[in-house]
C-alpha cells in the first residue's frame, strides 16, 4: 500500500456513538493533517501535526479529538457529534513544515461521515 | 483575514476553447499560491504552484500581486481536463502547514 490510506471509507453513526477515523501514510512524511469538506463550503483545515506534535488546532469543537501516535498514523476520535458534522473528512500528509514546506499535500480518498 | 475566492462554481467550455479559472486572494503577507485538482473518482492532488513557474498539462498560472489574483489558464481545453479545481494559499515557508482553499470550480469540457 502506498500513499495516504483512510479507513473507514464510509461511516454512519448516531449522536451518542464514539467512533474513530484512521489515516496512514506510507510516504515517509513528517506532517499530517485533517481537513473537513462539507457541501457548499471550502475545505476547512482542522488539525496539523508535525513529528507527532500538534501545531495547529483550527478552533475545532472538542467533540473531535485527534491523535498522532507516530509520524505515519493519524486518528480522529469522534464523540457526541451533531448532524451538521456530516461531511467528508480528508487526511493529508506533507514532507515537512517550516523551511522544508513546499505546499504539496498528499491526500487520502476521505472518510464520508453521516451523523444521524 | 486570509481568504481565497473562486467566483465560479461551474465553468463549461467546448474542447479546444481557451480556459481561465479565476482565483482571488486576500492576504497581508507574502503568500504562496497553488492549484489543486480532483479528477472524477481520484483524490485531490497538486497541479501547480506559483513559485515553480511551471506549466503542467498545458496549464499555467501567474501570480498578480497588484490584482491579488492567481488565475489558472490553458489555451486549448481537452476533455480530460474536466475536473474540480481548487485554488489554495499558504504563508511562505509555513510553520503550521496551514493551506487555505477556495470553494472550487468545476470545469466541464464538452466534446
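FYI, it's all coordinate maths here, none of it is from the lab. Bear in mind that the values here come from a model prediction, so they are computed numbers and not experimental data. All Cβ positions, glycine included, derive from the backbone under ideal geometry; neighbour counts span all protein chains shown.
Laid out as a table, the results:
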read-out: Mean Cα-pair separation over length for region A:22-116, i.e. relative contact order, pairs under 8 Å, 6 or more apart, %; value: 31
read-out: Peptide-level mean, for A:86-92, of C-beta atoms on other protein chains within 10 Å; value: 1
read-out: Chain B: proportion of alpha-carbon pairs further apart than 21 angstrom, %; value: 31
read-out: Residue-averaged beta-carbon neighbours from other chains (10 angstrom radius) around A:47-59; value: 2
read-out: Cα point-scatterer Debye curve for chain A, base-10 log of I(q)/I(0) at q = 0.14 Å⁻¹; value: -0.52
read-out: Antiparallel content of DSSP bridges confined to the protein assembly as shown, in %, to 5; value: 90
read-out: Partner chain coverage, peptide B:35-43 - average Cβ within 10 angstrom; value: 2
read-out: Within chain A, percent of DSSP bridges classed antiparallel, to nearest 5; value: 90
read-out: Among B:58, B:16, B:97, residue whose mean-square fluctuation peaks in a GNM of chain B (springs only between Cα atoms under 10 Å); value: B:97
read-out: Contact order relative to length of region B:1-58, as percent, for alpha carbon pairs under 8 angstrom and 6 or more apart; value: 26
read-out: Relative contact order for chain B, counting Cα pairs under 8 Å that sit 6 or more residues apart, in percent; value: 38
read-out: Overall form of the protein assembly as shown per C-alpha gyration tensor (a/c, 1.5; a/b vs b/c); value: prolate
